[in-house]
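Enquirer: I have a structure here, written as structure tokens, and I will follow up with some questions on it.
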Amino acid sequence: MAFDLQEQEQIDSMKAFWQQWGKLIGGAVLAVSLGYLGYKAYGMYQRQQAEKAAVAYEAVDAAIAAKDVAKLKTAAQQLQGEFASTVYASRSALVLAKAAFDKNDLDLASSQLQWVVTNGKDEAMQAIARLRLASLHLQQKKYDAAISELNQPHPAAFDAEYLELKGDVFSAKGDTAGARDAYKAALAKLVEENPSRELVRMKLDALGG
């Protein structure tokens, strides 16, 4: 089939373009395709891990029902070892930390809370772990460690709780001005109908001045 001069020039131009850029474009397309396939495969792997973790978490529930801290520890540590990227691992660590605290095993409670802070994938659970870790430090009179935890970044939804606990820490260490500022800041974050406002206001009033 014959082409006129203009068509032939267009064909020659396309040939030259593909000779110069064809391999690069082909490589880019291949890279994008492999990246997409990798993304899909990773998503599938994450779903499979979550499903397996959900099954493994049943052992945590069973240990809680039986009030067996030893079995709870074993189940939680299995989740943390095999399914660390799932929320079930963080949830098990928080549950174990609470059980350990109730048994006055503060070292275990602290280590589990620290695990969530360091390894957790859920910001809300990490924020809860920091709050509980700061409360634990407060109980142990480790005031600077408590403030350090409360100064860490966290979701805005937890601002009031962080500020209230910060006020508790400042109050415990005798820093009345710091406590007053923290409680006032906490009140500013709480809506009028929030029942926590009354407690924070009582703490603020107790400081006097």
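Read the figures in this text as sums done on the coordinates, not as results from a lab. Everything numeric in this text was worked out from a predicted model, so none of it was measured. When we count neighbours, we look across all protein chains shown, and the Cβ atoms used for this are built from the backbone with ideal geometry, even at glycine.
Enquirer: Which FRET efficiency value, to the nearest 0.05, do you get for R47 and T74 by plugging their Cβ-Cβ distance into 1/(1 + (r/R0)^6) with R0 = 22 Å?
Expert: After rounding, the FRET efficiency stands at 0.30.
Enquirer: Further question on the same structure: Apply the Karplus curve 6.51 cos²θ - 1.76 cosθ + 1.60, θ = phi - 60°, to the phi angles in region 175-184 and return the couplings in whole Hz, x for Gly and Pro.
Expert: 8, 5, 4, x, 5, 4, 4, 5, 5, 5
Enquirer: Test of understanding: express the Cα radius of gyration of region 64-107 as a ratio to 2.2 N^0.38 Å, with N the residue count.
Expert: That ratio works out to 1.09.
Enquirer: Quick one: 3J(HN,Hα) in Hz for region 195-200, Karplus 6.51/-1.76/1.60 with θ = phi - 60°, rounded, Gly and Pro as x.
Expert: Coupling constants for region 195-200: x, 6, 4, 5, 5, 5 Hz.
Enquirer: A follow-up question, please. Let me know the charge dipole size of region 63-154 about its Cα centre in debye, to the nearest 20, where only the beta-carbon of Lys, Arg (+1) and Asp, Glu (-1) is charged.
Expert: Magnitude of the dipole: close to 180 debye.
Enquirer: Enumerate the calculated ³J(HN,Hα) couplings along region 111-123 in order (Karplus 6.51 cos²θ - 1.76 cosθ + 1.60, θ = phi - 60°), each rounded to whole Hz, writing x wherever the residue is Gly or Pro.
Expert: Once rounded to whole Hz, the list reads 5, 6, 5, 5, 4, 5, 4, 7, 10, x, 9, 10, 4.
Enquirer: Sticking with the crude label model, points 7 Å out along Cα→Cβ, report the distance from D102 to S85 in nm, one decimal please.
Expert: 3.3
Enquirer: For region 158-209, what is the relative contact order in percent, using Cα pairs closer than 8 Å and at least 6 residues apart in sequence?
Expert: In percent, rounded to a whole number, it is 35.
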